[in-house]
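Trainee: This is the structure I have questions about; it appears just below.
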Amino acid sequence: MSAGSQSAGALRPKLEAYLSARLEAPGLRLVTLWRVPGGASRETWIADAELPGQPGRRRSFVIRRDPPASLLDSDRELEFAFYRAFAGSNVPVPRALWLERDPAHLGSPFFVMERIEGCEASPRRVLDPSFEPARPRLARRMYEILAAIHAFDWRGTPIEGVVEPPAPEECWRRELEHWERVIDEQELSPQPVVRAAIRWLRANPPPPPARVTVVHGDYRVGNLLFSPDGEIHGVLDWEMAHLGDPLEDLAWSFLENWEWGRNGLKGGVVAAEEAIAVYEAAAGTRVDRSALHWWDVFSSVKAQAIWLTGARSFQEGRSTELIHAMTAYWLTNFQDEVLLRSLGRAP
Amino acid sequence: MRPDPPIALQRIAQALVLDLASQLSDPFAQQTAGLAATIAAMLAEEWDRAAARLAEENAALRALFAAAADLAPPELAARLRTAAAGEDSDLRVSRLQATNDELRRLLIELHAWCEGQDDPRIAAVNEAIWEELKESTRRRRLVARPL
């Protein structure tokens, strides 16, 4: 539990009062309320509500609540805007309902979405041998949907109100400067491997993208809600979304971190070249492998910045979430190893 | 301390997984127990090696600085020589870590300077730095994995 966060018991009456008022359903009762494990940034809660006078009729909600500290310093309004923008598009997202900035309701700001039922977003599930028949479909849909995210016309949508589009030639620099600043502020100890990588990135910038697109920012199997047949019903966790170079998402989805020991299969589901072929066919573009390599190195720098942020939050007591300590102990060195491989300095 | 702390930490990890997590119905509580067990297993591994790991690395960095000092520009060379002449007289992990931080900060400076030079002798220092960075990840690698 985070310092200052609440247990389900403490949250329940507040959430019942909030939903009762929102749905104009006095006496609404929460049948279940539980926190989703695995989240390291915003707290995610699942709530099933029974409406008064309608026994057996339930509505299921997802509540994304700000914690006192997280791996990310993200903006709930930004995430909410991206969910709103993609509603009804060919990129499946849960329906975003309400955004609340007032901490009086639940102790900190939050937003509420409708829950997509019958699905899971579990990397462990895709590694289960019983999922093997569904794996090709999940892999194909993952990269078709990524192409759809990048084809999405964000002009005139809520996205315009929360992010500034960079010039194409500024995409790499904006992201690199942002994450370098995070490392400057958050590192507890000097990081010679990541600093060498940053110098390499500055010395070898990628060409500008043909088009500035929506970038999900954390596109990986763990953020996809999929059914047992491998179909994807929701793309989650838009808290790092921004406008930029679409190759950033492709490279992030290929990070070794998400292979879960299934050597060579990106996200545990697909070989890189197979994923690129699906993406290229869906997007109608060719992926520049050299630029993709730049974004691959960048992805490890960004990941390291996230692990270092969690480490400092834990060290300074702004968070007591054990996941921050675990990711720092486990992933900081792992990320350095990945970087050394990406830079051709280790086999 | 006897029983040895790594053994106690391993027992804590086992108790969290076998005795506690299996009794929990809430998924978040189960995850927390699993994380606590993983961290205990990682600490068990690190407890015994931490001082040796840091002392070994500090010595390696000092040797690298001593070799590079004659090639570096005067101001950097002076700091490299000072750092190379240091020693770990206080073996508490917190002190070794603080020294390691100072040395690794200087390593970053030296590495950045080397990258801008054409001299083959400096290129050799650059390669030695990369080898040291590779070695540093080997020293830090943990066998324990998330449960």
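Trainee: Which order do A:E187, A:E248 take when ranked by solvent-accessible area (1.4 Å probe, heavy atoms of all protein chains), largest first?
Mentor: Of A:E187, A:E248, the descending order of accessible area is A:E187, A:E248.
Trainee: Name the residue from A:L265, A:A196, A:P123 whose Cα lies farthest towards the positive end of the charge dipole of the stretch A:123-342, charges +1 on Cβ of Lys and Arg and -1 on Cβ of Asp and Glu.
Mentor: A:L265
Trainee: Based on the Cα atoms of chain B, what semi-axes does the equivalent ellipsoid have, where each is the square root of 5 times one gyration tensor eigenvalue, given in whole Å with the largest first?
Mentor: 42, 17, 11
Trainee: For A:K266, B:K134, A:K302, A:K14, give me the order by solvent-accessible area with a 1.4 Å probe, most accessible first, ignoring ligands, DNA and RNA.
Mentor: These residues rank, largest area first, as A:K14, B:K134, A:K266, A:K302.
Trainee: Can you figure out the FRET efficiency of A:E77 with B:D19, using R₀ = 35 Å and their beta-carbon distance, to the nearest 0.05?
Mentor: 0.20
Trainee: At a probe size of 1.4 Å, how large is the accessible area of A:H178, to the nearest 10 Å²?
Mentor: 70 Å²
Trainee: By how many degrees, 0 to 90 and rounded to 10, does the Cα axis of helix A:76-86 deviate from the longest principal axis of chain A?
Mentor: Once rounded, the angle reads 90 degrees.
Trainee: Ordered by residue, what ³J(HN,Hα) values in Hz, to whole numbers, does the stretch A:306-318 give under the Karplus form 6.51 cos²θ - 1.76 cosθ + 1.60, where θ = phi - 60° and Gly and Pro are x?
Mentor: 5, 5, 5, 5, x, 4, 5, 4, 5, 4, 8, x, 6
Trainee: Let me ask something else about it. At 0.36 nm per residue, minus the direct Cα-Cα distance, what do B:E115 and B:E56 gain on full extension? Give it in nm, one decimal, please.
Mentor: Extra length available between B:E115 and B:E56 comes to 18.7 nm.
Trainee: Separate question: Amide H neighbours of A:G267 under 5 Å, at least 5 residues apart or on other chains, H built in the peptide plane: list them.
Mentor: A:W258, A:E259
Trainee: Report the far tail of the P(r) of the stretch A:115-193, meaning the percent of Cα-Cα pairs longer than 22 Å.
Mentor: Here the long-distance tail beyond 22 Å is 59 percent of all Cα pairs in the stretch A:115-193.
Trainee: Let me ask something else about it. Not counting ligands, DNA or RNA, and with a 1.4 Å probe, what is A:E180's accessible surface area in Å² rounded to the nearest 10?
Mentor: 40 Å²
Trainee: Where the convex hull is taken over the Cα atoms of chain A, what is its projected area averaged over directions, in nm²?
Mentor: 17.7 nm²
Trainee: While we're on this one: Computed from the mean reciprocal separation of all distinct C-alpha pairs, what Kirkwood hydrodynamic radius does the stretch A:8-114 have, in Å?
Mentor: With all distinct Cα pairs of the stretch A:8-114 included, I get 14.5 Å.
Trainee: Can you tell me the dipole magnitude for chain B around its Cα centre, using point charges on the Cβ only (Lys, Arg +1; Asp, Glu -1), in Debye to the nearest 20?
Mentor: The calculation lands at about 440 debye.
Trainee: Along the charge dipole of chain A, pointing to its positive end and built from +1/-1 on Cβ of Lys, Arg, Asp and Glu, which listed residue (A:Y219, A:P26, A:L146) has its Cα farthest out?
Mentor: Farthest towards the positive end: A:P26.
Trainee: Would you mind telling me the share, in percent, of accessible area of the stretch A:123-342 contributed by carbon and sulfur at probe 1.4 angstrom?
Mentor: 52 percent
Trainee: Another question about this same structure. Return the value, in Å² to the nearest 100, of accessible area buried between chains B and A (probe 1.4 Å, both sides summed).
Mentor: Buried surface at the B/A interface: approximately 2700 Å².
Trainee: Name the residues whose placed amide hydrogens come within less than 5 Å of the amide hydrogen of A:V91, ignoring near sequence neighbours (fewer than 5 apart) on the same chain.
Mentor: Sorted by chain and number, the residues that satisfy this come to none at all.
Trainee: Take A:A10 and A:S130, extend 7 Å from each Cα along the Cα→Cβ direction, and tell me the distance between the two endpoints in nm.
Mentor: In this crude spin-label approximation the distance works out to 3.7 nm.
Trainee: Right, something else. Distance from a point 7 Å along Cα→Cβ of A:V36 to each backbone N in the stretch A:135-160: keep the residues under 15 Å and list them by number.
Mentor: none
Trainee: Taking a probe of 1.4 Å, how large is the accessible area per residue of the protein assembly as shown, in Å²?
Mentor: It amounts to 44 Å² per residue over the protein assembly as shown.
Trainee: Based on the alpha-carbon gyration tensor of the stretch A:89-152, what equivalent-ellipsoid semi-axes (square roots of 5 times the eigenvalues) come out, in whole Å, largest first?
Mentor: Equivalent ellipsoid semi-axes, largest first: 31, 18, 9 Å.
Trainee: Run the dipole for the stretch A:8-114 about the Cα centre, Lys and Arg Cβ at +1, Asp and Glu Cβ at -1, nothing else charged, and hand back the magnitude in debye, nearest 20.
Mentor: It comes to approximately 300 debye.
Trainee: Now, a different point. For A:K14, go through the aspartates and glutamates and keep the ones whose alpha-carbon is under 19 Å away, minus same-chain ones fewer than eight residues off.
Mentor: A:K14 reaches A:E24, A:E43, A:D48, A:E50, A:D66, A:E100, A:D102, A:E114.
Trainee: Once both labels are modelled 7 Å past Cα along the beta-carbon direction, what's the A:L188-B:R139 spacing in nm?
Mentor: 1.8 nm
Trainee: So what does A:R65 come to for accessible area, using a 1.4 Å probe and Å² rounded to 10?
Mentor: 10 Å²
Trainee: Can you compute 3J(HN,Hα) from phi for each residue in the stretch A:178-193, using the Karplus curve 6.51 cos²θ - 1.76 cosθ + 1.60 with θ = phi - 60°, rounded to whole Hz and x for Gly and Pro?
Mentor: Couplings: 4, 6, 5, 4, 4, 5, 3, 7, 9, 4, 8, 9, x, 10, x, 5 Hz.
The values are calculated or read from the model by the stated rules, or taken from the named source; none is laboratory data. All figures in this text were calculated on a predicted structure; none of them were measured in a lab. Methodologically, a virtual Cβ is constructed for each residue, glycine included, from the backbone with ideal geometry; neighbour enumeration extends over all protein chains shown. Quick note on the areas: whole protein, heavy atoms, side chains included, nothing else; ligands and nucleic acids left out. Shrake-Rupley method; radii C 1.70, N 1.55, O 1.52, S 1.80 Å.
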